[in-house]
1. Given 25 °C and 0.890 mPa s, how large is the Stokes-Einstein diffusion coefficient of the stretch 97-136 in µm²/s, with Rh as the Kirkwood radius over Cα pairs?
2. So between D133 and Y156, what do we pick up on full extension, going 0.36 nm a residue minus the alpha carbon distance?
3. Modelling each spin label as a point 7 Å along the Cα-to-Cβ direction, I'd like the R58/S311 distance in nm, to one decimal.
4. Lysines within cross-link reach of K211: Cα-Cα under 18 Å, excluding same-chain residues under 8 positions apart?
5. Using the Cα centre of the stretch 142-190 as origin and beta-carbon charges of +1 (Lys, Arg) and -1 (Asp, Glu), tell me which of P153, S179, A164 is placed farthest towards the positive end of the dipole.
6. Charges at C-beta only: +1 for Lys and Arg, -1 for Asp and Glu. How large is the resulting dipole of the stretch 175-272 about its Cα centre, in Debye rounded to 20?
7. Nearest 500 deg cm²/dmol is fine: what mean residue ellipticity at 222 nm does the chain get from its DSSP H runs of n ≥ 4 alone, each adding -39,500 (n - 2.57), divided by its residue count?
8. Is the stretch 38-174 best put as rounded, prolate or oblate by its Cα gyration tensor, with a ≥ b ≥ c the root eigenvalues, rounded for a/c under 1.5, and otherwise prolate when a/b is larger than b/c, oblate when not?
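Read-outs throughout are calculated quantities, based only on the coordinates presented, and are distinct from any laboratory measurement. This is a predicted model, so every value here is computed, not measured. Please note: Cβ atoms are built from the backbone with ideal geometry, for glycine as well, and neighbour counts cover all protein chains shown.
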Amino acid sequence: MSDKTVAVFLGDDASPEVMAPTVALLETLALPISFVYPPVATNPDSAPGNNFSESAKRMVDQADATFFGSTSGASTQALFYLRWGKQTFANVRPCKWRPGYQSPLRQPESIDFTIVRENLEDLYLGLEGDLEDLAALNLYSKHARANLKDLGPGRYAIKAITDAGSERVIRFAFELARSRGQKRKVTLTSKYNMLAKADGHFRDIGFEVAKDYPDITFETFIVDDFLCRMITQPQALDVVVTPNLYGDILSDGSAGLMGGLGLAPSGCYGDSYAYFESAHGTAPDIQGQNIINPTATILSAAMLMTYLGYSEAAQRLEAAIDRVYATGQSLPVDQGGNTSTSEFFERMGDLLI
Ligand code: IPM
Ligand code: MG
């Protein structure tokens, strides 16, 4: 009898090369988990926007969590359902340097912070259109000293920073800082000087929420300044919270600090659901070459195990990754080695016995 069910999407391009063996690795841990595979329509003739069936959705709903392989299109609808349908509002992206990671920094030692990216709003609502559609609103730009309708033709995108959406993700970040028990610090970043109303609101809510956490240090930086700090003094960070788009960009940057996207895990959490997916994309350029780095996927699986309550399994996976890099043997190609994806998994299997 399985206690837990995990829905698995193998993903596109090079993604199945790391997803399928990671599930196989999890199966060797002999935990009471059953893995189910919601069908993804790959038929190019299927109507666009119609590749996530009701039955696939039901499998996601009935599972305790989803393990998601990066998609270049076939499972985009599933991804959107995992975000907005399941209200997974906090995208957690750890940046932890482990000895052996090929960081471009001279001193990457003890980098260990986590970005919490708001996952559902900001510029990601898909509310875009032609500027002329807004002409009737008679909007005046104080900065440009011009009416919007006089700027000429173009497009707009709406950035929405809601009270509730901001508060829940900021609260999540404070709780995470508490449970990590490290520097006990939350750093909030947004462009609150230029976008005083929207990003300023995110920051104001940060100050409000911070009052409930007197044991946690709270600081804020404007996002451009923050990025410089993230690169020059990453060791000073603990938990970083930020609106959606900045979080998307900064988390690829933090992956770069560790040594690349091949090392960057990710998990998206809501109040009653979570899904886990490496931060990298589908790597179509290296598809079929058996060289994609499985580390991000395996560490995402470790986050999944923790979420399901199997923290010992998570620790074993992390310890095996630590071991591979610390010994400097079996390094994947992107980390300066010549170990293939399948050899990396063999080594992981040996280390997990
Ligand atoms: C990510 C990706 C996605 C995002 C894309 C694929 C929609 O970049 O998970 O970081 O922007 O959220
Ligand atoms: Mg991204």
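1. Details: Rh = 14.7 Å.
Answer from the Stokes-Einstein relation: 167 µm²/s.
2. On the way: separation 23, 0.36 × 23 = 8.28 nm, distance 0.93 nm.
Here the segment from D133 to Y156 would lengthen by 7.3 nm.
3. Roughly 3.6 nm, to one decimal.
4. By straight Cα distance, K211 reaches K183, K185.
5. S179
6. Around 220 debye, computed over the stretch 175-272.
7. -11500 deg cm²/dmol
8. Oblate.
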